[in-house]
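Each remark here refers to the structure printed beneath this line.
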Amino acid sequence: MTDSEGAERSPLSPCLGICLMDPATRMCRGCLRTIDEIRGWYEASAADKRAILERLAARRTAAEGRR
């Protein structure tokens, strides 16, 4: 994604405002990010953020498969 000037737009945070860390998985129960992913989000490049979002999609799919 790019803005009107051709600069790469940064993806929006996946935060859902349900911040509760699961001690077993060490991931947020709301957005499924790890502490490191949460901590580094605002300084991450757009490409790194997209990589995180791809991992989150895979985690959601895996979690749904276990239900």
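Odds and ends about this structure:
- Rounded to the nearest 10 degrees, the angle from helix 46-65 to the longest Cα principal axis of the chain is 30 degrees.
- Apolar share of the accessible surface for region 16-67: 56 percent from carbon plus sulfur atoms, 1.4 Å probe.
- A crude spin-label estimate for the pair ARG55 and ARG39, with each label 7 Å from Cα along the Cβ direction, gives 1.3 nm.
- Simple spin-label estimate for ARG29 and ALA63 gives 1.0 nm between the two label positions (7 Å along the Cα-to-Cβ direction from each Cα).
- Set against the labelled values (i) 11.9, 38; (ii) 13.4, 44; (iii) 13.6, 38, Rg and Dmax of the Cα atoms in Å computed from this structure falls on (ii).
- Rolling a 1.4 angstrom probe over the protein heavy atoms with all chains in place gives the chain an accessible area of 76 Å² per residue.
The values are calculated or read from the model by the stated rules, or taken from the named source; none is laboratory data. Everything quoted here is computed from the prediction, not taken from an experiment. Note that we place each Cβ from the backbone using ideal geometry, even for glycine, and neighbour counts take in every protein chain shown. We work out accessible area using only protein heavy atoms, side chains counted, and drop any ligands, DNA or RNA first. Shrake-Rupley method; radii C 1.70, N 1.55, O 1.52, S 1.80 Å.
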